[in-house]
Every structure is written in C-alpha cells, then in structure tokens.
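Below is one structure, written out as structure tokens; the observations come after it.
The values are calculated or read from the model by the stated rules, or taken from the named source; none is laboratory data. Being a predicted model, the structure only gives us computed values, none of them experimental. Here the Cβ positions follow ideal geometry from the backbone for every residue, glycine too, while neighbour counts run over all protein chains shown. Only protein heavy atoms, including side chains, enter the accessible area calculation; ligands, DNA and RNA are left aside. Shrake-Rupley method; radii C 1.70, N 1.55, O 1.52, S 1.80 Å.
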Number of protein chains: 2
Amino acid sequence: MNPANSELIVDEVRLTPILISDPPLLNTQGVHQPYTPRLVVEVVTRGGVSGVGETYGDGRYRELARPLAEALPGRSITDVNGLFRLAAEVCGDSRAVDGRVDAGGLRGVQTADKLRLSVVSAFEVACLDALGKARGLPVHALLGGRVRDSVEYSAYLFYKHAGRDAWGPALDPAGIVGQARRFDREYGFRSFKLKGGVFPPEQEIAAIRALAEAFPGRPLRLDPNGAWSVETSLAVARELADVLEYLEDPATGTAAMAEVAARTDVPLATNMCVTTFEEVPEAFARDAVRIVLCDHHYWGGLHRTRELAALCRTYGVGLSMHSNTHLGISLAAMTHVAATLPLLDHACDTHYPWQTEDVVTTRPDFRDGRLAVSDAPGLGIELDRDRLADLHRRWVADDGTMRDRDDAAAMRRLDPDWRAPATPRW
Amino acid sequence: MNPANSELIVDEVRLTPILISDPPLLNTQGVHQPYTPRLVVEVVTRGGVSGVGETYGDGRYRELARPLAEALPGRSITDVNGLFRLAAEVCGDSRAVDGRVDAGGLRGVQTADKLRLSVVSAFEVACLDALGKARGLPVHALLGGRVRDSVEYSAYLFYKHAGRDAWGPALDPAGIVGQARRFDREYGFRSFKLKGGVFPPEQEIAAIRALAEAFPGRPLRLDPNGAWSVETSLAVARELADVLEYLEDPATGTAAMAEVAARTDVPLATNMCVTTFEEVPEAFARDAVRIVLCDHHYWGGLHRTRELAALCRTYGVGLSMHSNTHLGISLAAMTHVAATLPLLDHACDTHYPWQTEDVVTTRPDFRDGRLAVSDAPGLGIELDRDRLADLHRRWVADDGTMRDRDDAAAMRRLDPDWRAPATPRW
C-alpha cells in the first residue's frame, strides 16, 4: 500500500458476541432456541473509520475469529483476497472439528474449512464496509456495481408454537396461510417458502396446497432440509408439481438429490449438498440441483458469492439466496451482493422479519417484498452501540445454554424424549 | 448513485485507433504485419478524472466500440457489471460476424460474443482505472487486493526473419537460443515459451531441446496454435516429456485436445479451445486441458478474469495468462488482476518486450522476469498524449492495409503463394 493509503491500515478489531431473541421456529432437527448467538466483527482503521460484519456466534466460530482478529492489525482493509490464506495460517489445525453437525444441523457435515469460511465472511464484509466508508463508495461499487436498484426477498414461513412473539402458532395449513397473509400484508413478499420436514409429508403437501389456493400463481417453495427418502421426495414432487417454484433439499446428499432430480421435472434447489466450492463439480456433473442457494457466510464472503454466481452462470444452474437467522448487518451485505448478480432470478430467502432485535439503528424497510439497494458509503448501515452492548450483556449473563445453537437441545426442553431424527425421517 | 458520487458519472468517452510497429514474428497463420492496430479507450468523468483501457483495433472491434462509447455518458464508472448488458443492447445484432476467423487466426472461430467481450474489457479497465484514480485506490484494491507484490512473466520466443528491429533473425535452434539468452539477460525471465507451428515439428523439437540444454531446469513451453494432428501432438509430447512445463494448444478443438490429454502426461494448456465461459464445461468434463491461459481481453475484463480463476480453482485446473500484441495499458491491467489471483502458478505470457512503441509515459521495468505491482491509484500509468497522437496519425495515414490484422496477408507480401494452412498442418 502506498503511504497515501496508510489510513486504510487496520488499527483494531473488535469481536462482540451477542444473543438475540428468536421465535420458536420448528425444523426437522428441533426448534430455534429462545436466543441465538451471533458474532459482530468491527474493523477500525488508523484513519478512524470502522466497518462491520456478522457471522455465527457459536463457540467454534468464536474460537476461529479470535486469532484472525489478532492477526489483522497492520494489514490493509483493501486486502480481502488475502484473508483466506491468513485465516488458514492463524486459525490453526481445527480438523478435530470435522464430522460434527453444524449449528442447527442443516448444513451437512461440518468441517474446519466451512467454519473458517463463515468466519472470514464477517471480516471480509467488515473490511468492505470500512473501505466503502473511507472512500465514499457503496459496497456494491466495490463488487463491480449494482445491476438493479432493489432486491426481492421471499417470505420464510415456519411451523411454530405460540411463543413470546407477535405471530402466534402455525401448526396446520390454516396457520401457515395466516402467517403468509401477514407476510404479504406487512412486507409485500411475492414468493413463499415453507420450512418443512416437521410434519409427515401429507400435512406439508396440504399446507402448500392451501398456500397455492390462497395465493394463486405466486412462487412457492418447500424445504424439508433433507428429511425425506428419494421415494418420498418423488411422491411430494408429483403431488406439488403444478404449484412449486422449486423443491429445496428434499433428500440428503448429492447422490440422493441426483436420483430425485433425474426422476422429476420439479426443479431442485439446495443449500445443503452444495455449500462449498469443493462440492460443486460432482453436484453439477450429476445434475443434482437446478438452483444453488448462495449464502455469503457459507461461501466466504461477497467476492466468493460472486464467484459462485459465475460458476452457476457457466454451468447453466440457477441462483437464489439462502438465509439463516441474521441481523441487519448481514441483510445489508446480502442486498449489496445480490444487487450485483445479473442472473439472480429467484427472490432471496431471509429470516430477518422473525428478528425483532437488531444492532443497526434503522430497520430495513421492505416495500413490495423488496429492499432498495443503498448507494450510501459502505453497507449503508449504522451500528447501534447501546443495543449492541445490551445484547452482549445478555450473552455475558447467559449460563452457557444459549451460547451454542442446538435446536435438538431446545426441543428437549419442550419434549424430554426428543432426539434429532436420522435421515431420511420419512 | 448518491449525489456525493455525481463526479463519478461518465462525461465523455474517447476512442483512439492507433497503429503500433510490430516485428515480423512468425506463427502458423503467417507473420505479424509491420504495424498492428490497437484501440485506446479513454473514459472521462464529470469530476475530470480519466481512465484508460486498450483492446484490439481491427474494424470489427471499432464498430462495436463506437455505440458503447456513445451509450456510456451519464452512467457511473462504478457500474462495470452493467457493461455486458449495455453492450448487448447497443452493439446491435452482429451475429453476421459469426464464423469468421479472428485477428491472427489464433482464437478459433470468431463470434459476436467474443468480439463484444474484447471490446467491453477495454471499457471495464478504463472505468476501473478512473475509479481507482478518483478514489485513491490501485485497481487491484478494486478487485479485492493483491496477494503478491510482483507478477512473474515469461519470455515469448518467436521464429522471425530479420526486420526493422534490434533482434535479428531466429529461424533455427541456435537463433531461438540466442533470442532466449537476450530475454534472459535483459529481462531476467525464468520461463520460455516458443511460438511454434511454423516449421515441421522435428525442427521445433530441436529448438526446445536446445533451450533445455542452454537453460537446464527452466520451465519451457511450446505453442503451435493447434497446427498438429493428435498423433503429431502425441509424438512431440513423447519427445519432450522430460523438459516441457506444458504443451500449449498442440491440436485444434476440445475433442482433439481431450484425445491428446488422455494419452500423455505432459500437461496441456490452452488459449484456443477455452476462450469463453460457454466453452468451459465441455473442456473441463473431458479433461481436455490442465491449464487455462486467461486473457482479460477475451474474457471480458478483470472481474471476469477473476471469475475464470474461480472456475479453474474449483475444478482443479491450473491458470496462467495469454498475451497477444499489446501496450503498457493492458500490461498494467494484466499485472493488477494477476496480482489478485492466489493460484496463478505459472509465469504469465506477454508480447510486451517486442513492442518498442507505447502510449504510456514510463515503460514498465521487468526485474528478474517480474513486474512490481503498482499501489498507485488506478492502473498506475500515465498516458503520453503526444505519442498517442503520433500513433493515431499513422493510423489515419494508413491506406487501409494495416487497419485489420491479417497475418496471412502479411505473409503474402513476402511470399505471394502463401495461403494460411488448414489444420492440422502436420
């Protein structure tokens, strides 16, 4: 870096683990805990500019984030391509982690690489935010510029019990339709995704049928997180072929997905069997999926998300966006990168409407199911430091039960006999 | 773009076709003309900052550049992702061009898409240069930052007659070794590439053998531009297996390359059968090449080059860089993007040492075969406007014979009976 850019050198990195409240949303592994951990990464430059990113807050992610945060001062915030090698060097040999199941159990087998990429993603976003603010450029301009002025999101429907939230229960088709009506009314979402794998397939088919009747012509998606056998997946596909935009991860693993794909015309989407670059060639060669649901946390940041998009474009595979529980920081990052991708032809998923707590000063404003792309410097968000401190205090005060997301453990607090089911469940 | 960034709006685009002198370098299609056309693209913002790019200057490229230049004012220089759609909209239906052979005949069948991407590349580089200058950032920082501080290039050896240049003739192994010694002495290049397909394979094998003897252990490459049959390719590979770093485009087309690749351990490289994203899946599925030689002109710019690199990384294919006749503008662009690619594990090709004329004020300084990566704003070069005007006057004065590169026509001026040979030639 030339001397004129010395103000872009990282001076300090702040890691703030927090707990945010989360409604009791059901999935095939269990239920969301009352609080979920997130890690907020702040990068502060010598010029006094700060940038922010967020990622998973579970202990295994925090363990990797710490050495990376210690190694960053003295490097330039422009140096995001170098974060991968740096992380590989300083984060140590965490291969011992390989084989565990990830937070929520919904991303297939966890590996050290996957963890590290999710951590790097928060640092990359924080650096891009800081660089954009330091140079008066929106993050999308650091990615080649936006090709649209707003990004479409979809409603993310969940089966749920009543909770300490405003949504009420949704445990049958009528409940799901009611939830969808509220998403439609309050956010204007056009597409609806139902998180399935919770009830036997017949009940979830009935819920999708009810949605199709209530919202004729709207794009509908069903995602059982790999809970079904190949035969069950095919049976559901047959039943819903006329109304599904796509079926998301009906079965677990590339081989099973490929078998389903070969025997149905319903497009299959995934955020489970293609979550790293290493998993791409086999899945594409076997035509296992028609749509990859990208997630900048999984793939290692916004540049890597754009690389995934180029792979999909080259191989004629569609692209949409996956979401796990996240705050306004990641929503802004998702919106910036989505805005740069010409072929993002399905509405992106987001959990965000379920999150009543945030660390940004202004909640994003969905209009007609879309978020406007910010042209303000960086991500275009501001950190609410009081709120961040509050949520961090909650994390400090926690006795340890909430610091790692474990949907099965949360379910056992409701039903002591619960065990996360083996797949295929049906 | 927010109002604070109105100075990043394009005010004017200047297209300057030029003719630059080129030595009589031989290839399988003929010989380089005494002058070769290049097109210099300048983008000037409302804020008064200008950025520069270069591409092929042949008529078919200029025809596409003109409407794009006219469409750009009013758009932001940050908007490089949008250049592809814009070019597709304004450059018209030039499908009529499909099927012609490209300038020099060395890039396979020409299509409207290939032409358009080469034109877009110059506009993208000019926009990135301008943005970097406007915001005090080197171009590599707009691509995620450099991962090395210098980029290695290789010596590009050519058979040639004596010409109006300082190099003298090189028509046999001794001549090629002499040329290599000068490249070694003056530039410090470690790797040597010989442009082959000029003489019968035995003679070119002898030249590579002579290089291996004169420079033991150095990486050596031979590139006959697809002039050989599968059997000839395999025979050459057998003869040179112990000394070749890679064999570049021995045969024409993915099918022939795949057949050669299946029957030799010598790595095959290409800038002929994989020159667009559309050509990637088949070539990778058939293991036709082990190394793709990227070229930001071919692929549509620096962002697209990074996308190609991600494809190669994902599929375990190596990466190096192709070069056609070019000036210091493109050399700077090549160096910036190469600096951002972690897995660029072969020295990049460049014709640059053959070019005695340039439009930049300072010639790049190769040390130990490497160019330092500039941390100055933009590309880190300055346009020599007097020189640009001189070379444009030469273009204006030309009677038309040099405005389109045609190596076969140039050869016919030396040998009236010359016809560009059909492939395979041997």
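What to note about this one:
- One residue stands out in the range A:226-253 among those that are within 20 Å of the chain's Cα centre (by Cα) and farther than 20 Å from A:Phe192 by Cβ: the one that is surrounded by the fewest Cβ atoms within 10 Å (Cβ to Cβ), namely A:Gly253.
- Set side by side, the residues B:Thr356, B:Thr340 differ, and just one is buried (at least 24 other Cβ atoms within 10 Å of the Cβ) and either over 11 Å from the mean Cα position of the chain (by Cα) or not assigned by TED's automatic domain parsing to the domain that holds B:Tyr187 (or both), which is B:Thr340.
- Qualifying residue in the range B:258-274 (condition: more than 30 Å from B:Asp129 (Cα to Cα), polar (S, T, N, Q) and at pLDDT 95 or above): yes
- Subset of the range A:35-52 [of a type in the set (Gly, Ala, Ser) and without any contact (Cβ under 8 Å) to a residue 60 or more places away in the chain]: A:Gly48
- Hey, A:Thr305 under 21 Å from the mean Cα position of the chain (by Cα), closer than 28 Å to A:Tyr246 by Cα and assigned to a loop (DSSP other than H, G, I, E, B) or not: no
- Leading residue by the ranking (least open to solvent (accessible area, probe 1.4 Å)) among those in the range A:373-426 that are among the aromatic types (Phe, Trp, Tyr) and touching a helix residue (DSSP H, G or I) at 6+ places or on another chain (Cβ under 7 Å): A:Trp418
- Assessment of the range B:285-296 against the conditions (surrounded by 22 or more Cβ atoms within 10 Å (Cβ to Cβ), more than 11 Å from chain A (Cβ to nearest Cβ), in a helix (DSSP H, G or I) and at negative phi) yields at least one matching residue.
- Residues (touching a residue at least 60 places away in the same chain (Cβ under 8 Å), out of contact with any Pro (no Cβ under 8 Å at 6 or more places or on another chain) and open to solvent by less than 40 Å² (accessible area, probe 1.4 Å)) located in the range A:359-372: A:Val359, A:Gly369
- Leading residue by the ranking (surrounded by the fewest Cβ atoms within 10 Å (Cβ to Cβ)) among those in the range B:127-152 that are among the aliphatic types (A, V, I, L, M) and facing another protein chain (nearest Cβ under 10 Å): B:Val147
- Any hit, the range B:368-383, residues being among the β-branched types (Val, Ile, Thr), touching a Gly at 6+ places or on another chain (Cβ under 8 Å) and in a helix (DSSP H, G or I): no
- Note on the range B:308-346: residues that are in a helix (DSSP H, G or I) and either modelled with pLDDT under 95 or among the aliphatic types (A, V, I, L, M) (or both) amount to 12.
- Test for A:Asp79: is it modelled with pLDDT under 95 and either within 14 Å of chain B (Cβ to nearest Cβ) or not in a helix (DSSP H, G or I) (or both): no
- A residue that is within 11 Å of another protein chain (Cβ to nearest Cβ), touching a residue at least 40 places away in the same chain (Cβ under 8 Å) and open to solvent by 30 Å² or more (accessible area, probe 1.4 Å) cannot be found anywhere in the range A:305-328.
- Among the residues of the range A:37-75, those identified as out of contact with any helix residue (DSSP H, G or I) (no Cβ under 6 Å at 6 or more places or on another chain) and outside any strand (DSSP E or B) are A:Gly48, A:Gly57, A:Gly59, A:Arg62, A:Glu63, A:Arg66, A:Ala69, A:Glu70, A:Leu72, A:Pro73, A:Gly74, A:Arg75.
- All of (1) within 20 Å of the chain's Cα centre (by Cα); (2) buried (at least 21 other Cβ atoms within 10 Å of the Cβ) hold for B:Ala261 with one exception: (1).
- Being open to solvent by less than 20 Å² (accessible area, probe 1.4 Å), modelled with pLDDT of 95 or more and touching an Asp or Glu at 6+ places or on another chain (Cβ under 8 Å) is a description that does not apply to A:Leu8.
- Matching residues, the range A:167-189, being surrounded by fewer than 18 Cβ atoms within 10 Å (Cβ to Cβ) and in contact (Cβ under 8 Å) with a residue 40 or more places away in the chain: A:Glu186, A:Gly188
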